1. With N denoting the number of residues in the chain, provide Rg(C-alpha) divided by 2.2 N^0.38 Å, to two decimal places.
2. Suppose the chain between Glu198 and His111 were pulled fully straight at 0.36 nm per residue; how much longer would it get relative to their current alpha carbon spacing?
3. How large are Rg and Dmax for the range 45-130 when only the alpha carbon atoms are used, in Å?
4. When the accessible area of the range 82-211 is computed with all protein chains present and a 1.4 Å probe, what percentage of it is carbon and sulfur?
5. Given the -39500 (n - 2.57) contribution per DSSP H run of 4+ residues, what per-residue ellipticity at 222 nm results for the chain, rounded to the nearest 500 deg cm²/dmol?
6. Please calculate how many Å² of accessible area the range 1-112 carries per residue, with a 1.4 Å probe and no DNA, RNA or ligand atoms counted.
7. For the range 177-211 and the range 137-165, write down the distance between their C-alpha centroids in whole Å.
Amino acid sequence: MSSQSPVQRLRTSGIFSLEGSESNVENNVWIVGDDDTAVVIDASHDHERIARGLGDRELMAIVCTHGHSDHIDAAVALADLTDSPILLHPDDAELWEQVHPYREPDAPLLHGEALTAGGIELTILHTPGHTPGGVSLYAPELGVVFSGDTLFPDGPGATGQPSSDFPTIIASIRDQLTVLPGDTVVHPGHGESTTIAEAAAHLEGWAQRGF
């Protein structure tokens, strides 16, 4: 019997930097796995804190839900410390290079592929809109989806940046996320969690609202 919860949340704080502007932000770092192996979803701000959260488990991969700085700024340091690969959707390569110009991700995250850690399978869903290469990770046996900055309790992620697109993020939520079982828990990149049923109930209102 595993003593670790299969899903752990760490909160880390730091700076979000994009297009020359900076803001303070708190991020969710999700660790998924068992007592022996795990993946980290979004290595944000503090690689030492994340490493302490992992303990002596083997880190199978660092999964980036998208390429914004606050979700990847600790990825390279954590990868170097743990000798683990960094995975990113190729459509966010340009955003990645703005933060880590001298280190490429190790492998692509592609829609429909699956990662396994601690016996838990995570299916990759390409959910662009907040960024071109945004992904969500669905763990059917846990009844959870990790939505990055695609979906929050109060609506879709921000689409005010040059690489963002509001109709695209609405389509991603509708076509990739609201088709999941309604009781699926949505664990986002910031703040508190919600459910697919809650999101589905509000989706048309968000679409009409326009943000």
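The values are calculated or read from the model by the stated rules, or taken from the named source; none is laboratory data. Note that this is a predicted model, so its numbers are computed, not measured. SASA here: full protein model, heavy atoms, side chains in, ligands and nucleic acids out. Shrake-Rupley method; radii C 1.70, N 1.55, O 1.52, S 1.80 Å.
1. Values: Rg = 15.8 Å, N = 211, 2.2 N^0.38 = 16.8 Å.
So the chain has a normalised radius of gyration of 0.94.
2. On the way: separation 87, 0.36 × 87 = 31.32 nm, distance 2.42 nm.
Computed gain between Glu198 and His111 is 28.9 nm.
3. Considering the range 45-130 through its Cα atoms, Rg and Dmax are 12.8, 36 Å.
4. On the way: 3000 of 5710 Å².
Of the solvent-accessible surface of the range 82-211, carbon and sulfur hold 53 percent.
5. Values: 6 runs with 48 residues, N = 211.
Calculated at 222 nm, the ellipticity per residue is -6000 deg cm²/dmol.
6. Numbers: 5310 Å² over 112 residues.
Computed with neighbouring chains in place, this is 47 Å² per residue.
7. Between the Cα centre of the range 177-211 and that of the range 137-165, the gap is 8 Å.
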